[in-house]
Amino acid sequence: MSELDREDATFEIVQGLADPNLLSFRSFNFPTHYLRHQDFRMKLHEGPNVPLGPPPPETPEMQLMRKDATFVMVPGLADAGAVSFRSLNFPTRFIRHRNFDLFLEETDNGNDVDRKDSTFRIVGGLEPEPPGPN
């Protein structure tokens with residue numbers, strides 16, 4: 001894995017863009033970009049620009065982006081020692097990995113695979129490989 005791959009795969013949990021009591025995921029490699037859902041698929045989008053001086057009125061698109069990029073961290077659906085991330089604006093949907101992508105999906109409480117695919121462990125960012133032969 002290259003250093004660029006490691007940086008692209010690392011996100012910082014920050015104060016929620018739509019609610020400071022919740023959280024958003026900011027890209028390590030593109031610090032003005034955040035994970036948000038669009039058509040229930042997770043995507044990387046540029047976040048709000050904060051100009052010097054009084055902020056201009058926000059467009060409806062930016063207000064939606066803030067909501068789409070804000071999540072509630074809850075105990076893991078499959079493991080209470082891990083976490084799951086519920087959408088702010090679609091509270092019955094959680095971030096879920098499926099087929100090597102991230103989606104925002106309803107999680108069937110009776111389906112163990114759905115719960116596991118919506119449960120995550122927070123770890124430090126990917127460390128650079130030590131120097132030397134690989």
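The values are calculated or read from the model by the stated rules, or taken from the named source; none is laboratory data. Every value quoted in this text rests on a predicted model; they were computed, and no experiment measured them. What goes into the accessible areas is simple: the full protein's heavy atoms, side chains included, and nothing from ligands, DNA or RNA. Shrake-Rupley method; radii C 1.70, N 1.55, O 1.52, S 1.80 Å.
Taking the structure as given and computing Rg and Dmax of the Cα atoms in Å, which label from (i) 16.3, 54; (ii) 14.5, 43; (iii) 21.1, 74 fits? For Rg and Dmax of the Cα atoms in Å, the calculated option is (i).
Here is how the number arises for the chain: DSSP H runs of 4 or more residues each give -39500 (n - 2.57), the sum is divided by the residue count, and the result at 222 nm is -4000 deg cm²/dmol. When only Cα pairs below 8 angstrom with a gap of at least 6 residues are kept, the chain shows a relative contact order of 21 percent. Residues whose amide H comes within less than 5 Å of that of residue 23, counting only those at least five positions distant or on another chain, are 16, 71, 73 (H built at 1.01 Å from N in the peptide plane).
The residues of the chain expose, per residue, 64 Å² of accessible area to a 1.4 Å probe.
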